[in-house]
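Novice: Right, I'll just put the structure down here and ask away after.
The values are calculated or read from the model by the stated rules, or taken from the named source; none is laboratory data. These numbers come from a predicted model, not from an experiment. Cβ placement follows ideal geometry from the backbone for every residue including glycine, while neighbour counts extend to all protein chains displayed. SASA here: full protein model, heavy atoms, side chains in, ligands and nucleic acids out. Shrake-Rupley method; radii C 1.70, N 1.55, O 1.52, S 1.80 Å.
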Amino acid sequence: MADRPALVAAARDTIARGSKSFAAASTLFDPATRERAWLLYAWCRACDDLADGQELGHGMQRVDDAPARLALIRERTALALAGRATGDASFDALGVVAAETNLPHALVYDVIDGFQLDADDWRPRTEADLYQYCYHVAGAVGGMMAVVMGVDPADTDTLDRACDLGLAFQLANIARDVGEDAAAGRCYLPTDWLAETGIAQDAIMAPANRAALTMLARRMTARARLHEDSARIGAARLPWRSRWAVLAAADIYGGIARKVAAAGDGAWDRRQTTSKAEKLVAIGRSFLQARLTRGPAVVPRDPVLWTRPRD
């Protein structure tokens, strides 16, 4: 297996090129947590790229060998979790962070199950299906990150709130990327929602559907905000630098969801992002929020919110 400094350097490069938003937020962690976050991101990014035939999150396309790709992801992941060399730095990175944090393997495989859903050309029918998908591709990652930040895997409420942040991010992603997904032959809007608004599954981006599509996007971004708010309560239980990083990420990525909602029918005319200046403002604002937070917030989680599956 490659030495740890080399894996960290490769992971740092991956996050810098793969996600400016997460890269910005990761700089706020203490050094040890920052490196582990990079290592975990490298594995997530590698799996995503391999499953979707893309590079650093760009150029998603249909692949003809999805089962083989998923088998390779599972094989390399199993090797990494067993502490063995995989021949791929991004998977070796997972092995390092899993060993250092006692990362629950179930969360790792929950993420892979999300890639399996895509490989099976799965489509959500109901809102519950949508949340199940969001859990596998993002909520479980939130749980993994919580463990990386020192949360006890037995602390189910804090892990639920970490999952909430992942759900918020993924709902924002889906709302923003409807057009890109449609171009790749995918749709993550529940078929019940499409039927309710009269949108044909094969004509989602048709100009005549923009008003209805905007309504659905705003529904998702509103749900994203509820989960973001729940995650902010959980962040109060983290060490202050991790709290700062989580609040900054929530602000930066939440800003994308809010831009999608504000753009209305023009939300898909260009990719909605947060600028460098907006990221800096979010980081400064989150610093104050993190410093002003005093102790863990004892607030019951909203029972209306979708909750991750229990083992």
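Novice: Of all residues being of a type in the set (D, E) and within 23 Å of L194 (Cα to Cα) in region 218-274, which is most open to solvent (accessible area, probe 1.4 Å)? Just the residue, please.
Specialist: By that ranking, first place goes to D269.
Novice: Hey, A128 hits all of (1) out of contact with any Asp or Glu (no Cβ under 7 Å at 6 or more places or on another chain); (2) aliphatic (A, V, I, L, M); (3) in contact (Cβ under 8 Å) with a residue 24 or more places away in the chain; (4) buried (at least 22 other Cβ atoms within 10 Å of the Cβ) but one; which does it fall short on?
Specialist: Every listed condition holds for A128 apart from (4).
Novice: Would you be able to tell me the number of residues in region 185-202 that are out of contact with any Pro (no Cβ under 8 Å at 6 or more places or on another chain), hydrophobic (A, V, I, L, M, F, W, C) and within 21 Å of A263 (Cβ to Cβ)?
Specialist: Adding up the residues that qualify gives 4.
Novice: Hey, another quick one. Quick test of your reading of the structure: R74 fulfils all but one of (1) at pLDDT 90 or above; (2) closer than 30 Å to E278 by Cα; (3) open to solvent by 30 Å² or more (accessible area, probe 1.4 Å). Name the failing condition by number.
Specialist: The single condition R74 does not satisfy is (2).
One line per residue, one yes/no per condition, for (1) over 17 Å from G139 (Cα atoms); (2) basic (K, R):
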| residue | (1), (2) |
| --- | --- |
| T191 | yes, no |
| E196 | yes, no |
| R237 | yes, yes |
| W244 | yes, no |
| L247 | no, no |
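Novice: Still on this structure, please answer the following. Select the helices (runs of 4 or more DSSP H) contained entirely in region 147-224, then report the ones holding at least 3 residues which are touching a Gly at 6+ places or on another chain (Cβ under 8 Å) and at pLDDT 95 or above.
Specialist: 156-176
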